[in-house]
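A short write-up of the structure that comes next.
The values are calculated or read from the model by the stated rules, or taken from the named source; none is laboratory data. Being a predicted model, the structure only gives us computed values, none of them experimental. Virtual Cβ from ideal backbone geometry, glycine too; neighbours counted across all protein chains shown. These area figures cover heavy atoms from the full protein model, side chains too; ligands, DNA and RNA do not enter into them. Shrake-Rupley method; radii C 1.70, N 1.55, O 1.52, S 1.80 Å.
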Amino acid sequence: MNEIINVSRRDFLRTGALIGGGLILGFSLPLRESFRAAATPAAAPFTPNAFIRIGADDLVTIIINKSEMGQGVYTSLPMLVAEELECDWSKVRVESAPVAPEYNHTAFGIQLTGGSTSVSSEWERFRKAGAAAREMLIAAAAETWKVNKAGCQAEKGFVIHEGTKRRLSYGKLVEKAAQMKPPQDVPLKQPKDFKVIGKSMKRLDTPKKTNGSALFGIDVKFPGMLTALVARPPVFGGKVKSFNAGKAKTAPGVKAVVQIDSGVAVIADSFWSAHLGREALEVVWEEGPLVTFDSQAQREQYAELAKKPGAVAAQRGDLRTAMTKATKRIEAVYEVPYLAHATMEPLNCLVDLRADRCEIWTGTQSQTFDRDAAARVSGLKPEQVKIHTTLLGGGFGRRANPHSDFVIEAVQVAKAIERPVKVIWTREDDIKGGYYRPMWYDRMEAGLGANGHLIAWQHTIVGQSILEGTFLATMVKDGVDGSSVEGAANMPYEIPNVLVDLHTPKIGVPVLWWRSVGHSHTAFVVESFIDELAHAAGKDPYEFRRGLLANHPRHLGALNLAVKKAGWGKPLAKGRFRGIAVHKSFGSFVAQVAEVSVNPKGEVRVHKVVCAIDCGRIVNPNTIEAQMESGIVFGLSAALHGAITFKDGRVEQSNFNDYPVLRINEMPHVEVYIVPSQEPPSGVGEPGVPPIAPAVGNAIFAATGKRIRRLPIRRDELKKV
Amino acid sequence: MISLHVNGKRYEVDVDPDVPLLWVIREQLGLTGTKYGCDMALCGSCIVHIDGKAERSCQISVKEAQGKKITTIEGIPENHPVKKAWISEDVPQCGYCQSGQIMAAAALLKKKPQPNDADIDDFMFGIICRCGTYQRIRRAIHRAAKMMNKGGKR
Ligand code: FES
Ligand code: FES
């Protein structure tokens with residue numbers, strides 16, 4: 001304790017620096033500068049393409065056009081480059097890409113991180129970028145040595161001339177390499193020659209995420225910046241009728257109170273001042289038509305709709321005739337609620353708006369939407385808007401909003417106050433803020449023929465469309481939003497007579513993709529109902545599925561592996577029961593076996609989950625394993641706890657007390673097994689989520705004879721009375 | 001002026017004495033490793049050490065923290081066994097909750113050098129990881145306990 005540092009509020013705001021010397025940290029610099037300082041020095045770096053920059057200091061900076069939100073893209077994408085670049089992995093650094101066409105998603109045509117597509121969509125492009133750079137470095141070395149290129153090779157950040165054993169590091173070659181012509185179509189390595197891809201690589205971002213230096217949007221700060229909290233309507237679709245800022249403005253530190261489209265912003269010199277100001281703010285709301293909205297009434301409305309025929313999403317055979325021929329008919333209704341993403345880092349967005357430019361620091365999954373929205377709101381051209389993508393404290397879809405809600409709001413606040421300002425959402429704002437996974441209601445009917453053969457299957461789905469009104473509205477065809485029926489319309493079981501239909505009511509609650517999107521409900525319904533049918537047919541749930549999957553080798557591959565590793569059919573500890581589910585999503589096939597017990601109070605304990613995944617060619621087993629664990633936890637949170645409900649138009653939940661998520665004491669032991677595959681890589685961020693709810697529900701049925709048809713699982717329904 | 005002892009340094013801070021310590025650490029001291037997650041003692045993202053014990057900085061006013069010895073994630077040495085174990089097990093995903101997890105784990109091991117899984121669950125119960133890194137957290141704590149037992153730095 002020898003240093004005394006004075007931090008006066010005024011000085012802090014004026015300079016953003018600590019007084020007392022020696023402690024002026026990077027935190028007061030705009031992120032862009034600190035990124036540069038940490039990366040490569042300015043001395044003529046070699047930038048063979050938009051994704052790679054090699055400095056004279058040998059550092060290799062890989063510019064990543066995907067957002068790192070925990071899924072590991074800041075490691076897996078560099079691996080793709082490194083495989084071909086033959087660089088020294090310890091010299092690899094990562095930088096987030098600006099918004100520019102060359103960083104667009106190869107399939108979506110905009111800059112976006114979603115759909116578990118980061119590795120699959122960049123599988124070719126990032127490897128090619130690495131290969132082209134390598135060839136230019138080799139050419140540069142050959143020219144330096146005046147030797148034939150063919151006698152040179154690249155290895156661990158050096159080009160080596162085989163004949164003379166001369167070697168030059170990439171850093172020594174940058175100047176010359178920059179003058180080389182970028183080669184066209186360099187052949188990529190054969191998988192048998194892979195040195196990096198397929199290896200369990202440690203995450204590049206772990207050190208920073210263990211010492212507090214990782215920068216999230218909420219951490220970015222610079223001189224003169226203010227903080228704002230927004231009072232939003234208590235009912236979706238509501239508006240400000242009037243407000244009285246008198247008391248709010250007397251809260252110490254409050255600078256201004258302004259009305260914006262989404263509500264009233266209280267702007268202050270610190271979070272806490274903005275918070276106190278918002279508490280003191282008086283707003284009269286025009287609550288709008290949803291003021292009587294109620295979850296129970298919505299269930300009844302959906303139940304009515306489900307009795308009527310909907311838009312056809314899939315049809316084969318002759319369902320009605322088959323049903324009349326069935327020897328056994330089984331009906332069931334499944335329901336899941338609205339869910340909030342509840343990312344660990346609450347939403348936030350920092351905007352510095354000037355007459356001729358707008359700079360934004362935020363953790364976003366959807367840079368192009370956000371940039372264009374900021375341009376619209378600020379009246380600038382898109383090219384005058386710069387987005388600095390920070391690390392994301394979780395995304396799960398919430399930070400890829402085609403409506404750019406949290407960005408538009410922050411730009412409006414910045415416009416009103418004419419100072420750099422960061423809008424922070426409190427946890428309550430986040431839980432009550434909408435853009436939920438839709439509530440779904442599914443009516444099922446099936447017919448079993450002789451010998452328990454499944455001959456007829458009807459699945460009627462009711463729920464809001466996510467894609468309507470977004471850039472993906474073209475994926476809504478003949479009244480069917482593909483994301484509402486994914487995993488249901490294309491479910492793999494071979495049944496001769498099938499009808500899947502959909503009702504898409506307009507409700508007014510904002511909805512959005514939530515990790516695994518439609519699969520988050522269809523897997524629960526299809527995999528639980530198929531289990532019901534297995535029991536109705538008197539068959540083992542695994543064998544029953546196997547019999548219907550003969551032409552689906554990858555489903556079977558995952559299923560068989562999970563069954564083998566879990567010891568399916570083998571005796572268990574007393575009181576424990578197994579349930580199984582398999583589901584394909586985002587190109588990957590995942591099977592899970594859950595081991596569960598239920599006590600007399602109806603409390604469910606998930607002891608163990610064995611998970612098998614076929615995600616095509618394996619890029620980083622470490623990531624695959626982590627993402628399966630992560631998906632299982634996310635799905636379990638929803639299965640055991642999650643529900644957003646409404647009363648009098650108001651969201652009834654507010655924080656982690658009434659919107660609980662899984663905690664460590666509920667964490668099952670998870671084992672992950674990967675099916676070897678030569679197929680192109682497919683998703684891992686989302687596919688771990690869908691199978692867990694049905695696997696657990698099916699285990700609960702094995703344990704209690706009670707079928708879980710509504711999530712979250714309710715203890716009262718399982719209690720021994 | 002409030003006087004704070006954080007990570008071995010003394011700070012004189014001109015703030016309202018009722019402001020939660022969390023926000024002073026983050027905004028006035030610029031130590032942003034300590035995170036905001038709920039403000040209601042529900043998530044543990046904001047955990048720091050106060051006089052050696054894990055405490056939620058969102059629940060303590062800066063006035064109450066005066067004169068106490070405060071350590072944040074930035075004050076944990078790089079060679080601390082918990083940090084090393086976290087890196088070996090590659091625990092973090094998004095990373096947002098991890099400062100709280102690490103601070104809690106370090107406090108747990110001080111209290112209980114050889115925790116079993118039940119001890120870990122009991123102590124770490126309050127710290128949410130939305131990314132679901134719990135299994136690796138358990139493994140990392142066991143690893144850190146082993147390191148410390150072999151005479152590593154506590
Ligand atoms: S922010 Fe303190 S416990 Fe959540
Ligand atoms: S690592 Fe993301 S919340 Fe824990």
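Relative contact order, whole percent, for chain B stands at 24, derived from Cα pairs under 8 Å and 6 or more residues apart. The apolar share of the surface of chain A, taken as the fraction of accessible area on carbon and sulfur atoms (1.4 Å probe, ligands and nucleic acids excluded), comes to 52 percent. Over the range A:186-288, what is the relative contact order in percent, taking alpha-carbon pairs closer than 8 angstrom and at least six residues apart? The value is 30 percent. Interface residues of the range A:204-228, defined as those with an accessible-area decrease of at least 30 Å² between the chain by itself and the complete set of protein chains (probe 1.4 Å), are A:THR206, A:LYS209, A:THR210, A:ASN211, A:GLY212, A:PHE216, A:ILE218, A:ASP219, A:LYS221. For the range A:108-145, the residues whose amide N sits under 15 Å from a probe point set 7 Å from the Cα of A:ALA100 along the beta carbon direction are A:111. Working note: Debye formula, equal point scatterers on the alpha-carbon atoms of chain B, no solvent; log10 I(q)/I(0) at q = 0.11, 0.12 Å⁻¹ is -0.40, -0.47. Annotation: for a label point projected 7 angstrom from Cα along Cα→Cβ of B:GLN59, residues of the range B:104-132 with backbone N closer than 17 Å are B:104-105, B:107-108, B:122-129.
Cβ-Cβ distance of A:LYS574 and A:THR321, R₀ of 60 Å, FRET efficiency by 1/(1 + (r/R0)^6): the value works out to about 0.80.
Summed over both chains, the area buried between A and B is near 5900 Å², taken from the accessible surface of protein heavy atoms with a 1.4 Å probe. When the surface is traced with a 1.4 Å probe over the full set of protein chains, A:THR645 keeps roughly 40 Å² accessible. At an R0 of 35 angstrom, the distance between the Cβ atoms of B:GLU78 and B:MET40 translates into a FRET efficiency of 0.65.
With every protein chain kept in place and ligands, DNA and RNA left out, what is the accessible area per residue of the range A:177-277? Probe 1.4 Å, answer in Å².
Working: 4460 Å² over 101 residues.
Each residue of the range A:177-277 exposes 44 Å² on average to a 1.4 Å probe.
Considering helices alone, the calculated mean residue ellipticity of chain B at 222 nm is -9500 deg cm²/dmol, with DSSP H runs of length four and up weighted by -39500 (n - 2.57) and normalised per residue.
Round to a whole angstrom and tell me the spacing of the C-alpha centers of the range B:1-42 and the range B:88-138. Cα centroid to Cα centroid, the span is 23 Å.
If R0 is taken as 22 Å, the Cβ-Cβ distance between A:LYS146 and A:LEU188 corresponds to a FRET efficiency of 0.15.
What is the dipole size for the protein assembly as shown, taken about its Cα centre, with +1 at each Lys and Arg Cβ and -1 at each Asp and Glu Cβ, in debye to the nearest 20?
Working: 113 positive and 92 negative charges, 411 e Å.
In debye, rounded to 20, the protein assembly as shown gives about 1980.
Solvent-accessible area per residue in the range B:2-75 equals 30 Å², computed with a 1.4 angstrom probe and all protein chains kept. In this structure the range A:542-627 gives 37 Å² per residue of accessible area when probed at 1.4 Å with all protein chains present.
For A:LEU168, the solvent-accessible surface with a 1.4 Å probe is about 40 Å², rounded to the nearest 10.
For A:LYS239 and A:LYS181, calculate 0.36 nm times their separation in residues minus their Cα-Cα distance, and state this gained length in nm to one decimal. All intermediate terms of the calculation are to be shown ahead of the outcome.
Details: separation 58, 0.36 × 58 = 20.88 nm, distance 5.85 nm.
Full-extension gain reported as 15.0 nm.
Placing a label point 7 Å from the Cα of A:LYS506 along the Cα-to-Cβ direction, the residues of the range A:270-310 whose backbone N falls under 14 Å of that point are A:289-290.
Considering only DSSP beta bridges whose two residues both sit in the range B:2-75, what percent are antiparallel, to the nearest 5?
Numbers: 12 of 14 bridges.
Roughly 85 percent of the beta bridges in the range B:2-75 run antiparallel, per DSSP.
Annotation: the antiparallel percentage among DSSP beta bridges lying fully within chain A is about 75.
When the helices of chain A are scored as -39500 (n - 2.57) per DSSP H run of n ≥ 4 and the total is divided over every residue, the value at 222 nm lands at -9000 deg cm²/dmol.
Scan chain B and note any complete DSSP helix (H) whose C-alpha atoms cover at least 15 Å along its axis and whose Kyte-Doolittle average is -0.5 or more.
Values: long enough: B:98-111 (20 Å, 0.37); B:134-149 (23 Å, -0.95).
Both cut-offs are met by B:98-111.
Over chain A, Cα pairs under 8 Å with separation of 6+ residues give a relative contact order of 13 percent. Protein heavy-atom surface of chain B, 1.4 angstrom probe: 48% of the accessible area is carbon and sulfur, with nucleic acids and ligands not counted. Of all lysines in the structure, those lying under 22 Å Cα to Cα from A:LYS720, and not within fewer than 8 positions of it along the same chain, are A:LYS574, A:LYS601, A:LYS706. A P(r) calculated from all alpha carbon pairs of the protein assembly as shown, with 20 Å bins opening at zero, reads 14, 46, 33, 6, 0 percent. Rounded to the nearest 20, the size of the Cβ-charge dipole of chain B about its Cα centre is 820 debye, with Lys and Arg at +1 and Asp and Glu at -1. The stretch between A:VAL721 and A:VAL284, if pulled fully straight at 0.36 nm per residue, gains 152.5 nm over its current Cα-Cα span.
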